[in-house]
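**Student:** Provided herewith is a single structure, encoded as structure tokens, for subsequent inquiry.
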Amino acid sequence: MAIEKVFMVDNTSVIADEVLSHRLGLIPLDADPRLFDYISDDVPNERNTIVYKLHVSCEKGSQRLTVKSGQLEWLPEGSQLTMASPAQSGDNQRTYTSFGQSQQNTSERPLGVKYNDITIARLGPGQAIELEAHAVKGVGKVHAKWSPVATAWYRMLPEVVLLKEIKNGDAEELVKRCPVNVFDIEDLGKGEKRAVVAKPRSCTLCRECVRLADDQVELRRVRDHFIFTIESTGALPPEVLFTEAVKILEEKCERVISELS
Ligand code: SF4
């Protein structure tokens with residue numbers, strides 16, 4: 001979910017409407033997109049739209065004011081802006097959304113923003129911002145604001161194999177050489193000790209150990225074991241992002257298979 005439409009009622013700050021709207025679009029929202037539908041027919045309702053309101057002003061004669069993302073107020077009942085003046089429409093109830101029911105029970109927690117301390121704007125004395133922002137569900141292919149992932153990468157599980165027993169001074173040298181402490185010392189008794197592979201998962205494949213003893217250490221990768229590192233923007237935890245991504249990949253594979261068969 002990300003803010004897609006901004007209805008600007010008043011903006012006397014130095015930041016232009018379109019820049020402010022773009023900035024709002026990039027604020028991570030604390031809303032699980034799986035609870036919502038894509039907005040297809042352009043009728044915003046409680047299943048496809050989340051509405052936020054921002055109404056801040058800096059009094060004349062006071063200090064400059066910083067507007068933060070936490071000041072965006074979630075409106076679970078939908079838009080409060082009427083589409084036309086009562087004199088024009090004869091109907092003062094019609095707003096920019098058509099919520100059939102409140103969103104209060106949509107999620108266990110309020111559908112607010114993920115982080116409250118993101119600076120949106122700075123207001124000088126006498127300046128004000130009043131707007132309503134509508135968030136909808138989308139995909140990162142259309143705009144990066146809908147991507148729930150900041151950074152993601154994977155690597156294959158490293159396998160560090162000692163081809164020969166490395167003992168005593170050589171073992172200590174090997175332990176010292178590894179920058180991430182993959183090796184450890186095992187005490188064999190009678191003053192004897194040998195190197196063992198203690199934490200192969202930490203290996204970064206820097207090859208320092210191979211440079212020291214290339215005929216004694218071998219580095220391999222487990223070809224069917226992948227370690228993913230996923231940084232979430234906050235809407236979903238990384239482990240959920242991974243399983244959801246696998247589901248999408250599965251669907252794409254099935255589509256390709258069905259088209260080819
Ligand atoms: S490749 Fe680098 S990180 Fe991996 S075990 Fe050797 S020294 Fe340690």
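The values are calculated or read from the model by the stated rules, or taken from the named source; none is laboratory data. Everything quoted here is computed from the prediction, not taken from an experiment. Glycine gets a Cβ as well: all are built from the backbone with ideal geometry, and neighbour counts include every protein chain shown. When the accessible area is computed, the model is the full protein with side chains, heavy atoms only, and any ligands, DNA or RNA have been set aside. Shrake-Rupley method; radii C 1.70, N 1.55, O 1.52, S 1.80 Å.
**Student:** Answer yes or no: is there a residue in region 243-255 that is open to solvent by 80 Å² or more (accessible area, probe 1.4 Å), of a type in the set (A, V, I, L, M, F, W, C) and assigned to a helix (DSSP H, G or I).
**Tutor:** yes
**Student:** Scan region 60-71 and report the pairs whose first residue is surrounded by 12 or more Cβ atoms within 10 Å (Cβ to Cβ) and whose second residue is assigned to a loop (DSSP other than H, G, I, E, B) and among the charged types (D, E, K, R), with Cβ atoms within less than 8 Å and a gap of 6+ or a chain change.
**Tutor:** Lys68/Asp117; Ser69/Asp117; Gly70/Asp117
**Student:** Could I ask something else about it? Write out, first by first residue and then by second, each pair whose Cβ atoms fall under 8 Å of each other, whose residues are 6+ apart or on separate chains, and whose first residue, in region 204-233, is of a type in the set (S, T, N, Q) while the second is open to solvent by 70 Å² or more (accessible area, probe 1.4 Å) and part of a loop (DSSP other than H, G, I, E, B).
**Tutor:** Thr204/Pro179; Gln216/Leu163; Gln216/Lys164; Thr233/Lys114
**Student:** Also, quick follow-up: Checking Ala195 against (1) within 16 Å of the ligand (Cβ to nearest atom); (2) surrounded by fewer than 16 Cβ atoms within 10 Å (Cβ to Cβ): exactly one of these is not met. Which one?
**Tutor:** With respect to (1) within 16 Å of the ligand (Cβ to nearest atom); (2) surrounded by fewer than 16 Cβ atoms within 10 Å (Cβ to Cβ), Ala195 is out only on (2).
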